[in-house]
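Asker: Below: one structure in structure tokens.
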Amino acid sequence: MRSTGVAKVLGARPRLFTTYIAGVSALGAALFIAVLTVFQGLEVSEFGWPFVVLLPFVVVGERYPLRVPRGADQGVITVSTTFAFAILLSRGTAAAMLALTLSSVAADILLRKPAWKVLFNAAQMTTSVVTAGAVLGLLTGGAPFGAPIELGTRELPAALLAAAAFYGTNVLLTVVAVAWGTQASVIDLLRRDLRFQALTAAVLLSLSPIVAAAADRSLALVPLFVVSMAAVYKSVAIYLEREFQALHDPLTGLPNRGLFTDRVEQAIVASTRLGRRTAVMMIDLDGFKEVNDTLGHPAGDRLLSDIGRRLESTLRQVDTVARLGGDEYGVVLWNVADADAVDPIVAKLRAVIESPFTFGDVTLGVEGSVGVALTPEHGDDAESLIRHADAAMYEAKRTRSGHRVYSGEDSGQTTRMTLIVGLREAIEQGSLVLHYQPKVTLRTGQTLGVEALVRWDQPGRGLVAPDAFIPLAEQTGLMGKLTRYVLDAALAQNARWRRRGLDLRVAVNISARDLQDPGFPALVDGLLRRWELEPWWVELEITESAIMSDPTRALDVLTQLHRMGVVLALDDFGTGTTSLTQLQHLPVDVIKIDKSFVVNLVAGAPDEVIVRTIIDLGRGLGLEVVAEGVESEFLWDRLGSFGCDVAQGFYLSAPVPAAELDAWMAASGRR
């Protein structure tokens with residue numbers, strides 16, 4: 001088995017690393033020559049048919065290893081180990097060394113690895129085999145480099161100790177290289193992967209005596225054994241693939257949030273032991289949405305993948321880059337001296353993000369906002385560090401400063417940043433709740449539909465009203481995620497009501513950002529299909545100001561939604577600047593009179609004139625008219641006498657959870 005491969009090396013100790021690589025390579029070459037010298041005159045043909053039969057399996061095992069996800073890097077399991085160690089037991093050190101070393105060189109050349117890595121891997125294999133052969137020879141009284149042995153029950157302990165020597169040498173040579181090349185701790189790297197590596201090595205190497213015995217007794221048994229090995233190989237490959245998928249982002253192949261959190265915890269433990277710091281960065285792309293809107297999702301996906309590769313190539317192997325969802329990435333840096341040491345790394349990361357991307361004939365660029373948090377001043381656990389780095393990232397985004405290190409000095413700003421991070425987590429974890437306020441027809445008194453209003457059930461604060469967090473969502477780019485969450489939850493509830501025979505139309509508020517998103521109609525269509533709802537069972541409420549922020553794009557989105565059959569309502573009507581001409585051309589079905597006019601509805605007052613005018617205007621255009629803010633029987637009766645269609649307000653019911661709404665409809669008879 002080959003342990004974690006020596007991959008990219010960026011660190012502050014290249015001279016030590018280079019010296020070590022050269023030293024191991026020289027040692028391997030010396031041992032290779034020494035073994036051939038000891039066994040000089042030995043013909044390859046003397047290795048016998050067992051060697052000829054087992055050699056192809058060594059070659060194939062080296063060429064096609066199993067990739068093992070081990071966080072920021074990848075290890076490999078090579079089943080060649082089983083057959084190479086079997087050759088050592090039955091044919092001796094020279095045969096095993098030639099088989100494994102030359103197979104390693106051939107595989108690395110085919111994979112186009114750099115020359116230094118080819119030489120190091122070959123030396124690693126040579127040294128591991130020779131060490132194992134020496135232990136075997138010492139324990140069985142054979143030749144210094146391990147001659148073939150008659151394998152029986154008495155020789156099994158010696159074979160197992162030789163296997164342990166092979167494994168230990170193999171792992172130690174590689175881990176030291178990785179540690180010295182990345183400024184990581186040898187002990188920490190061993191602790192991180194030792195349990196898994198030891199288990200797989202034990203399984204693979206314990207099979208070697210069986211293979212050797214089968215090859216010595218009857219070559220016909222080897223193919224039978226290989227069939228079983230192939231089945232095990234395939235099963236392990238499937239298991240590893242599932243493990244990889246569970247821990248990695250499917251688009252970029254980077255670690256996902258769960259694995260990232262685990263890597264942060266490991267980094268904190270390791271860095272604390274060394275008296276150094278761990279740094280966590282949260283990176284959010286600025287301008288990614290424009291790429292998606294301009295060139296489509298395939299280009300956006302390619303951009304996300306390219307940025308992931310760029311970030312990885314900029315960091316040390318021991319560090320971790322993760323994709324946390326959408327256009328957000330996380331980075332954890334091990335063994336950081338102080339905050340000043342992070343600044344040049346942030347600069348490099350932002351530089352590779354901002355380097356232009358080419359898609360066909362189009363060259364585009366994005367930028368990155370980076371938030372940084374460090375141990376111990378910003379937290380001593382993964383959750384605190386990630387949350388604080390997230391808060392710093394949103395602050396960098398808000399101030400357009402490029403990057404920010406978390407600071408808790410400004411209590412007001414800290415509260416705001418904590419709310420932002422908590423809101424994102426609430427969206428991701430599904431802890432936002434919807435309350436529903438009924439809309440009742442004034443003519444019949446029956447419930448026509450409901451408006452879904454989001455509430456945040458924040459630990460320690462209880463229900464947080466939308467006014468406290470909607471502006472934060474709009475300022476920090478969370479509005480799109482919030483809208484999707486509310487739409488999905490509201491449509492799911494509507495589907496449940498309809499299965500019980502309740503014919504209700506559910507209204508959801510959408511933002512200016514949604515109206516500027518060309519993909520928003522497709523999102524709505526996808527959710528309708530998911531919950532098997534007709535489009536006219538859904539109402540989307542929009543404000544005049546949301547439309548006026550970019551009338552052309554908003555009208556295009558609204559037209560698509562209208563053609564789909566979705567009911568569109570113009571919210572807070574009367575408070576904006578929409579003219580009669582504009583209203584005639586807007587594809588809306590409903591106008592909602594702003595509650596500021598309704599609550600002050602007194603005979604002869606200006607608000608009465610405005611309300612009457614809006615109702616007459618709506619009826620003249622064939623639109624449904626809804627009055628918000630109906631808080632008394634007087635207002636209910638007054639609006640009914642004006643010919644208003646629908647009322648909504650606390651006189652009927654406050655916004656309540658779905659279960660309470662069911663009880664209200666049953667008690668009031670307004671089904």
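Asker: Given a cut-off of 27 Å, name the pairs among LYS397/LYS481; LYS348/LYS481; LYS397/LYS595; LYS289/LYS595 whose C-alpha atoms lie farther apart than that in the structure shown.
Answerer: Result: LYS348/LYS481; LYS397/LYS595; LYS289/LYS595 exceed 27 Å.
Asker: Roughly speaking, what is the centre-to-centre gap between the stretch 592-671 and the stretch 334-380 when only Cα atoms are used, to the nearest Å?
Answerer: 52
Asker: Of ASP327, ASP380, how do they rank once you tally other Cβ atoms within 10 Å and put the fewest first?
Answerer: ASP380, ASP327
Asker: If you put +1 on each Lys and Arg Cβ and -1 on each Asp and Glu Cβ, how big is the dipole of the stretch 257-407 around its Cα centre, in Debye rounded to 20?
Answerer: 240
Asker: Would you please report the Å³ per residue occupied by the convex hull of the alpha carbon atoms in the stretch 425-668?
Answerer: Convex hull volume per residue, Cα atoms: 132 Å³.
Asker: How do 384-397, 640-653 rank on mean C-beta neighbours within 10 Å, highest first?
Answerer: 384-397, 640-653
Asker: Using Cα centres only, tell me the gap between the stretch 87-116 and the stretch 517-534 in whole Å.
Answerer: Using only Cα atoms to place each centre, the spacing works out to 57 Å.
Asker: Counting only Cα atoms, I'd like the Rg/Rh figure for the stretch 493-542, Kirkwood definition for Rh.
Answerer: Radius of gyration over Kirkwood radius for the stretch 493-542 works out to 1.01.
Asker: I've got another one for you. Can you bin the stretch 327-458 into rounded, prolate or oblate? Criterion: square roots of the alpha carbon gyration tensor eigenvalues sorted a ≥ b ≥ c, rounded for a/c under 1.5, prolate for a/b above b/c, oblate for the rest.
Answerer: Here the stretch 327-458 falls in the oblate category.
Asker: Let me ask something else about it. To one decimal place, what Kirkwood hydrodynamic radius in Å is obtained for the stretch 325-389 from all pairs of distinct Cα atoms?
Answerer: Across the stretch 325-389, the inverse of the average 1/r is 13.7 Å.
Asker: What order, most packed first, do the peptides 541-550, 81-90 have when packing is the mean number of other Cβ atoms within 10 Å of each residue?
Answerer: Averaged packing, sorted descending, gives the order 81-90, 541-550.
Asker: Can you list the residues, at least 5 places off or on another chain, whose amide H is less than 5 Å from the amide H of HIS248, using H built in the peptide plane?
Answerer: Those lying under 5 Å, H to H, from HIS248 are ASN256.
Asker: Just to check I understand the Karplus step: with θ = phi - 60° and J = 6.51 cos²θ - 1.76 cosθ + 1.60, what whole-Hz values come out for the stretch 105-114, glycine and proline as x?
Answerer: Those phi angles translate into 4, 4, 5, 5, 5, 5, 7, 6, 6, x Hz.
Asker: Using only Cα positions of the stretch 236-385, each an equal point scatterer, no hydration layer, compute I(q)/I(0) via Debye at q = 0.15, 0.16, 0.20 Å⁻¹ and quote the log10 values to two decimals.
Answerer: Taken in order of the listed q values, log10 I(q)/I(0) reads -0.78, -0.87, -1.20.
Asker: Okay, moving on. Compute the distance from the alpha-carbon center of the stretch 447-467 to that of the stretch 540-574, in whole Å.
Answerer: For the stretch 447-467 versus the stretch 540-574, the Cα centre distance is 23 Å.
Asker: Next question. If the chain between LYS348 and SER545 were fully stretched, how many nm would it gain, using 0.36 nm times the residue separation less the Cα-Cα distance?
Answerer: Extra length from LYS348 to SER545 when fully extended: 66.9 nm.
Asker: Ranked by Cβ crowding within 10 angstrom, fewest neighbours first, how are THR93, THR272, THR127 ordered?
Answerer: The order, fewest Cβ neighbours first, is THR272, THR127, THR93.
Read the figures in this text as sums done on the coordinates, not as results from a lab. From a predicted model like this one, the values you see are computed outputs, not experimental measurements. Because the Cβ atoms are built from the backbone with ideal geometry, glycine has one as well, and the counts that use them run over all protein chains shown.
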